[in-house]
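Student: I have a structure here, written as structure tokens, and I will follow up with some questions on it.
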Amino acid sequence: MELDLTKCTGCCACANGCPVQAITMREDKDGFIYPYINSDSCIECGKCKRICDGRYKKYTDDFVARSFAVWSQDKDIRYESTSGGAFSEFAKEILSQGGVVAGAAYDENNGVEHVIIDAADKLSVIRQSKYVQCNSKNIYKQIKDIVVQGRLTLFCGTPCQVAALRSYLDKEYENLIYMDFICLGVNSPKALKAWLTEVETEEKCRVNRVWFKYKKYGWRRSPLCTRLDLDNGKQKIYFDKDNKFMRGYIHYHLYIRPSCTHCAFKGLDHGTDVMLADFWGLQSADDNGTSLVIVNSKKGNQLFEKIKENLYSREEDFSRSVLGNPAFRESAILSKYSRDFLCSLDSMGFNKAYEKYARDPLAVRFKNIIKGCLKAGKRIFRK
């Protein structure tokens, strides 16, 4: 049995679905995981291919999607969250009903994997965006075991992971809520590890916490602000030009997974109940963080109504609400230097590779020069 690896998102659904455990996920030289099929164990049943192809099913609902500007009224939750804290409020409601929540968490080596929590005091481990590919491992099997028992479950992942779980289950469960987020693309764990390794070498101390989008300078500037906590109690804050990891992701797309450049899971028809994002472009909001919540089904709407008392929320025009998030409909364009960068990490490390390959395409450079000239002209004209 062969799978089309050019479309592989590393979702792990094929490995979860194999009835004889003939598929393992292995890391390639760029740090991304892909399925490996043991031909001696494979029984040629075709289930892995059916699950893989099933991810592309389109889901329709008579519910018309609604969008909201949202933030938690709990100031601590809002500050600790990537945007406005909407995810935490959804998760708290599920947990208060005796349910479970699946989300992305750091492991002991600052890798990212899916875990399941069953109590509110564990919520902090799956809060905040991680900006690196999450290894789902056997999460789909775990989710199935739980929902079959009738327990309320919230699964949060990338759009491709939501589509993968739906395909793996191949059945609707009223007690399962799918949540994802507007995704620019998932980064190579190899790149994050290389960056953190250089920080640890310089500081002579282990990084025990990564806090992306740290709000020290406000929410609007948070995408380029990362806080690293060290074992010795010290904190390192990387901001703007010093934050090479996030600049390499946001500005240069140096280490995004290749399949993310032709993502088949944009929009809302891949089966999500609720989609989250930062509500960029909302002029009336303060600078503490605002979530964009897109409710996409009756089930998602029912859950949203239950948490409204814990939120500031205002319904917004749907078409305008996604304007600040072009990744809602558009795939990222991978840097032509991506492979060279990732291969160079082994020999020169993160910072030297970044200095060599973090370049804008010529068209972007020319555009930036024109912008600079226009700004300079305006300043001269004002004088």
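Student: Looking at the range 290-345 only, could you name the residues that are basic (Lys, Arg) and either over 19 Å from the mean Cα position of the chain (by Cα) or open to solvent by less than 10 Å² (accessible area, probe 1.4 Å) (or both)?
Tutor: Residues satisfying the conditions are Lys298, Lys299, Lys306, Lys308, Arg314, Arg320, Lys336, Arg339.
Student: Look through the range 73-95, keep the residues that are over 16 Å from Asp278 (Cβ atoms) and of a type in the set (Lys, Arg), and return whichever of them is surrounded by the most Cβ atoms within 10 Å (Cβ to Cβ).
Tutor: By that ranking, first place goes to Lys92.
Student: In addition: Considering only the range 351-370, I want to know if a residue exists there that is among the charged types (D, E, K, R), modelled with pLDDT of 95 or more and loosely packed, with under 13 Cβ neighbours inside 10 Å. Before you say what the answer is, go through the steps one by one.
Tutor: In the first step, residues of the range 351-370 are kept if they are among the charged types (D, E, K, R); the result is 352, 355-356, 359-360, 365, 367.
Narrowing further to those that are modelled with pLDDT of 95 or more: 352, 355-356.
So of that shortlist, the ones also loosely packed, with under 13 Cβ neighbours inside 10 Å come out as 355.
Yes: one or more hits.
Student: Another question, then. Pairs only if they're at least six apart or on different chains, beta carbon under 6 angstrom, first in the range 188-200 and within 11 Å of Leu228 (Cα to Cα), second assigned to a loop (DSSP other than H, G, I, E, B); list them, first residue then second.
Tutor: Taking only residues 6 or more apart or on different chains, the pairs are Leu196/Asn110; Glu200/Arg206.
Student: Further, regarding this structure: Exactly one condition in (1) touching a residue at least 60 places away in the same chain (Cβ under 8 Å); (2) more than 23 Å from Leu165 (Cβ to Cβ) is not met by Asn243; state its number.
Tutor: Asn243 satisfies all of (1) touching a residue at least 60 places away in the same chain (Cβ under 8 Å); (2) more than 23 Å from Leu165 (Cβ to Cβ) except (1).
Student: List the number of the failed condition for Glu27; all other conditions in (1) of a type in the set (Asp, Glu); (2) surrounded by fewer than 14 Cβ atoms within 10 Å (Cβ to Cβ); (3) within 21 Å of Lys193 (Cα to Cα) hold.
Tutor: Answer for Glu27: the failing condition is (2).
Student: Right, something else. Being in a helix (DSSP H, G or I), open to solvent by 20 Å² or more (accessible area, probe 1.4 Å) and β-branched (Val, Ile, Thr) narrows it down to one of Ile51, Ile43, Ile146, Ile116, so name that one.
Tutor: Ile146
Student: Taking into account only those residues within the range 149-158 that are of a type outside the set (S, T, N, Q) and open to solvent by less than 10 Å² (accessible area, probe 1.4 Å), which is nearest to Asn109 (Cα to Cα)?
Tutor: Ranking the qualifying residues of the range 149-158, first place goes to Gly157.
Student: Would you please name the residue that is surrounded by the fewest Cβ atoms within 10 Å (Cβ to Cβ), looking only at residues in the range 246-288 that are polar (S, T, N, Q) and farther than 30 Å from Asp30 by Cα?
Tutor: Gln283
Student: Between a residue in the range 205-233 that is farther than 12 Å from Asn110 by Cβ and open to solvent by 70 Å² or more (accessible area, probe 1.4 Å) and any residue that is among the aromatic types (Phe, Trp, Tyr) and not in a helix (DSSP H, G or I), which pairs come within a Cβ distance under 9 Å, given they are 6 or more apart or on different chains?
Tutor: Lys216/Phe239; Tyr217/Phe239; Arg220/Trp280; Arg221/Phe239
Student: Moving to a separate point now. Just checking, does the range 89-109 include any residue being out of contact with any Phe, Trp or Tyr (no Cβ under 8 Å at 6 or more places or on another chain), among the charged types (D, E, K, R) and either without any contact (Cβ under 8 Å) to a residue 40 or more places away in the chain or closer than 22 Å to Asn187 by Cα (or both)?
Tutor: Yes, some residue in the range 89-109 is out of contact with any Phe, Trp or Tyr (no Cβ under 8 Å at 6 or more places or on another chain), among the charged types (D, E, K, R) and either without any contact (Cβ under 8 Å) to a residue 40 or more places away in the chain or closer than 22 Å to Asn187 by Cα (or both).
The values are calculated or read from the model by the stated rules, or taken from the named source; none is laboratory data. No experiment lies behind these values; they were computed from the predicted model shown. Every residue, glycine among them, receives a Cβ derived from its backbone with ideal geometry; neighbour counts consider all protein chains shown. In case anyone asks, the SASA skips ligands and DNA or RNA and just uses the protein heavy atoms, side chains included. Shrake-Rupley method; radii C 1.70, N 1.55, O 1.52, S 1.80 Å.
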